[in-house]
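The values are calculated or read from the model by the stated rules, or taken from the named source; none is laboratory data. None of the values given here were measured: they were computed from a predicted structure. Don't worry about glycine lacking a Cβ; one is built from the backbone with ideal geometry, like all the others, and counts go over all protein chains shown. Quick note on the areas: whole protein, heavy atoms, side chains included, nothing else; ligands and nucleic acids left out. Shrake-Rupley method; radii C 1.70, N 1.55, O 1.52, S 1.80 Å.
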Amino acid sequence: MSLYSLFVEPWTAGDWMWRGVLTASLVAVSCALLGCFLVLRRMSLFSDALAHVALPGLVGAYLLTGSTGTVAMFLGAIAAALLTTGLVSGVKRYGGAHGDAAIGIVFTALFALGVIMLSAFASDADLDTSCVLFGDVLGVADHSIITLAVLCVVLLASVIAFFRPLQLATFDPAHARAVGLPVAWIFGGMMAALSVTTVASFEAVGAVLVIAAMITPAATAHLLTRHLQTMLAVAVAHGLISAVVGMYVSIWLNCSTGGAMVCVGAVLFGLAMAWTHLARALRRPTLTAPDPASFSSPPTLESP
Amino acid sequence: MNGTEFQLDTILQRTVEFFTFKYDFVATTLAGAVLVGAICGLLGVFMVLRRLSMMGDAIGHATLPGVGLAFLVVGHKALAPMLVGASATGLAAALLVGFITRHSRTRPDAALGIVLASFFGLGTVLFSAIQSTPSGAQSGLNDFLFGNAAAITVQEVALLAGLLLTTVAATVALFRPLLLSTFDTTSATLMGLPVRWIHYGLMATVSLTIVASVQAVGVVLVAGLIILPAATARLLSDRFHLNLILATVLGALSGALGAWLSFLFTGFSSGPSMVLAAALFYALALALAPRRGLLARVLAAARRHAATGASTPNPDDDDRLFNDQTADARP
């Protein structure tokens, strides 16, 4: 085992490595960008719900149109996502369930429906539950890669173009509403982007691993940064590193690519957590010499 | 239609076959499904009231690497090592969520998502590694994901029955501490109750339950069987003990209904069928519950409107009706 065969050879044996890394990177960047906003809005588990309810959406679209074309699949998944958003707020409002219980009620019911619809009525469709759950980075079709690339560019451009409104709506929705921002539309757009990204990423990494691609980079960045710009940048970097390192790990160990990427991401999160603790421990002043600065009065607003 | 028969007489005939235990495995299947539903329903009440609803989902997904590890260590599919491995990783996941929440800026929802997805990712890695080994010709992965109640063995039914009895006994014996620590963590702590240990005990029980239920419902949907009966019971009653009883009964009914559906129609895996039955009960309760159902609310509003001639806010309306004193139960 030389370094060459470990690191370079996979790139020379056909185009699968290039395609795999490209797909995984596109998924990682799109998911990491959206994940930051989800984590900041404390809606991480919504990605769990949307990743699961895409299945009944896909199967429903197949049963209605009889095709597994990209457009039908996307529309089905977006309809399912909208239905979920509506049902979750309805269950919260009238069922008296807390946020996470409402999400759990809606997505388990819809996912169960999806699994049954798929196995009972649509078993001839080119969909199967294990593909939906696990995905296959190396077997992604050309048109899916193009979709992912377009999506990634659109997401990047929108985050850059609408940075201020997004920032304000995320951190202080009440203020954003007061200054006249269409907060409901911003969040609606975010949900739509979320469901489109989830569906597009499905084929590559699978439903459960989409959740990891959204939450882990954002949560890692949230530990390490204090500004939205840097948080987005760190999350994207985390996603890209997990994608490339995960790809190598999966080749070396001959295991699932999506799973390896998630594990690498989780290790990076663990390192970030350890680092924040270490940094805090190093910053902590010793008790031997009292620091006079700590007794001074806290900074106040300008006196009148 | 993939061989799915929708003729009424066939359905009736199959139903009779099911409930008279015409085939040997049916009794085991039904008993297993009912037990799984009952125990998940009972524990679900605690999980939902303590706002840990999604913890069941995380634990369920986290059992996957445990099964993979057990398979790698033992080298073949055996029940006991699988149960031990799965309970261990399930419990580890539950504890890890608490650890991350307590020791970093990461919020509970993100911590839960990370743990869920990471453990599941680790599970997929292990399973794919197993499948690429010569001895790894195991086919049970799909059963493991979505459940196959027909494959429940007598030993598993015995295990489930033991678990249910233990949980019911523990709930009855520790009723007051459980009640207090669920609704008012602060008072419970001040009174010297071991609140954190109660939480750990609950997490351990839930992990064991989920592991024992995996054969019947699968890892992906076990969360539904934990949340839905408890949420249904919550709509029907305000009393804690009634909630516990109702959720247990509703869970058992969902289990029976799901097993029956899955026996009746091809393509109906038992896990999704049970969750769908539980969701049906929830939808019925949401529409028709005596005080909180949508129908009851509409009627009450109409009555008030008729009495006063003007629309007044419903004094029973959501926020006050669900009088939440529940503190965040995560220690």
### Failed item, numbered, when B:His76 is tested on (1) surrounded by 24 or more Cβ atoms within 10 Å (Cβ to Cβ); (2) not in a helix (DSSP H, G or I)
(1)
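Being assigned to a helix (DSSP H, G or I) and surrounded by fewer than 24 Cβ atoms within 10 Å (Cβ to Cβ) is the filter here, so list the residues in the stretch B:35-69 that pass it.
Residues satisfying the conditions are B:Leu49, B:Leu69.
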### Query
Mind checking which residues of the stretch A:162-205 are among the small types (Gly, Ala, Ser) and loosely packed, with under 14 Cβ neighbours inside 10 Å?
A:Ala174, A:Ala178, A:Gly180, A:Ala184, A:Gly188
### Task
Filter the stretch B:208-265 down to residues that are within 12 Å of chain A (Cβ to nearest Cβ) and charged (D, E, K, R) and give me whichever is farthest from B:Arg50 (Cα to Cα).
B:Asp238
### Query
For the subset of the stretch A:211-237 comprising residues that are open to solvent by 10 Å² or more (accessible area, probe 1.4 Å), part of a helix (DSSP H, G or I) and not aliphatic (A, V, I, L, M), which member is farthest from the other protein chains (Cβ to nearest Cβ)?
A:Gln229
### Summary
How many residues of the stretch A:24-50 are over 19 Å from A:Ala157 (Cα atoms) and either modelled with pLDDT under 85 or out of contact with any Lys or Arg (no Cβ under 9 Å at 6 or more places or on another chain) (or both)? The answer is 10
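Determine whether B:Ser187 is more than 16 Å from B:Ile39 (Cβ to Cβ) and of a type in the set (S, T, N, Q). Quick ask: steps written out before the conclusion?
Working: more than 16 Å from B:Ile39 (Cβ to Cβ): yes; of a type in the set (S, T, N, Q): yes.
In short, yes.
With respect to B:Thr189, determine if the residue is polar (S, T, N, Q), within 14 Å of another protein chain (Cβ to nearest Cβ) and touching a helix residue (DSSP H, G or I) at 6+ places or on another chain (Cβ under 9 Å).
Numbers: polar (S, T, N, Q): yes; within 14 Å of another protein chain (Cβ to nearest Cβ): no; touching a helix residue (DSSP H, G or I) at 6+ places or on another chain (Cβ under 9 Å): yes.
So B:Thr189 does not fit the description; no.
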#### Entry: Residue list for the stretch A:268-282, restricted to those being farther than 18 Å from B:Arg102 by Cβ and surrounded by 14 or more Cβ atoms within 10 Å (Cβ to Cβ)
A:Leu268
### Query
Looking at (1) out of contact with any Pro (no Cβ under 8 Å at 6 or more places or on another chain); (2) open to solvent by 30 Å² or more (accessible area, probe 1.4 Å), can you tell me which one A:Val208 breaks?
(2)
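I'd like to check something: does the stretch A:249-264 contain any residue that is closer than 18 Å to A:Ser44 by Cα, within 13 Å of chain B (Cβ to nearest Cβ) and buried (at least 24 other Cβ atoms within 10 Å of the Cβ)? Walk me through it before giving the result.
The first filter runs over the stretch A:249-264 and keeps only residues closer than 18 Å to A:Ser44 by Cα, leaving A:262.
The next check asks that each one be within 13 Å of chain B (Cβ to nearest Cβ); those that pass are A:262.
With buried (at least 24 other Cβ atoms within 10 Å of the Cβ) added as a condition, the list becomes A:262.
Yes - at least one qualifying residue is present in the stretch A:249-264.
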### Query
Is it the case that some residue within the stretch B:6-20 is surrounded by fewer than 24 Cβ atoms within 10 Å (Cβ to Cβ), modelled with pLDDT of 75 or more and in contact with an Asp or Glu (Cβ under 8 Å, 6 or more places away or on another chain)?
yes
### Task
Scan the stretch A:174-196 and give yes if some residue there is touching a Cys at 6+ places or on another chain (Cβ under 7 Å) and either within 14 Å of another protein chain (Cβ to nearest Cβ) or at pLDDT below 90 (or both), otherwise no.
no
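Within the stretch B:284-293, does at least one residue satisfy the condition of being under 29 Å from B:Asn148 (Cβ atoms) and within 13 Å of chain A (Cβ to nearest Cβ)? If you could, list the steps in order and put the result at the bottom.
Taking the stretch B:284-293 and keeping what is under 29 Å from B:Asn148 (Cβ atoms), we get B:284-285.
Within this subset, residues satisfying the condition of being within 13 Å of chain A (Cβ to nearest Cβ) are B:284-285.
The answer is yes, given that some residue of the stretch B:284-293 is under 29 Å from B:Asn148 (Cβ atoms) and within 13 Å of chain A (Cβ to nearest Cβ).
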### Query
Restricting attention to the stretch B:90-112, and to residues there that are open to solvent by less than 20 Å² (accessible area, probe 1.4 Å) and under 18 Å from the mean Cα position of the chain (by Cα), which single residue is nearest to the other protein chains (Cβ to nearest Cβ)?
B:Leu112
### Message
If I filter the stretch B:114-123 down to residues being open to solvent by 10 Å² or more (accessible area, probe 1.4 Å) and either touching a residue at least 40 places away in the same chain (Cβ under 8 Å) or more than 7 Å from chain A (Cβ to nearest Cβ) (or both), which single residue comes out as nearest to A:Met214 (Cα to Cα)?
### Response
B:Phe119
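Each row is one residue, and each column tells you yes or no for (1) at pLDDT 90 or above; (2) open to solvent by 10 Å² or more (accessible area, probe 1.4 Å); (3) within 21 Å of B:Asp238 (Cα to Cα).
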| position | (1), (2), (3) |
| --- | --- |
| A:Ala72 | no, yes, no |
| A:Leu75 | no, yes, no |
| A:Leu82 | no, yes, no |
| A:Gly86 | no, yes, no |
| A:Lys92 | no, yes, yes |
| A:Gly95 | no, no, yes |
| A:Ala101 | no, no, yes |
| A:Val106 | yes, no, no |
| A:Leu110 | yes, yes, no |
### Query
Going by the conditions given, is A:Thr170 among the β-branched types (Val, Ile, Thr), free of Cβ contacts under 8 Å to residues at least 12 places away in the same chain and out of contact with any strand residue (DSSP E or B) (no Cβ under 9 Å at 6 or more places or on another chain)?
no
### Task
From the list A:Leu38, A:Leu87, A:Leu75, A:Leu64, pick out the single residue that is touching a residue at least 24 places away in the same chain (Cβ under 8 Å) and at negative phi.
A:Leu38
## Note on the structure
When restricted to B:Thr10, B:Thr106, the only residue in a loop (DSSP other than H, G, I, E, B) and free of Cβ contacts under 8 Å to residues at least 12 places away in the same chain is B:Thr106
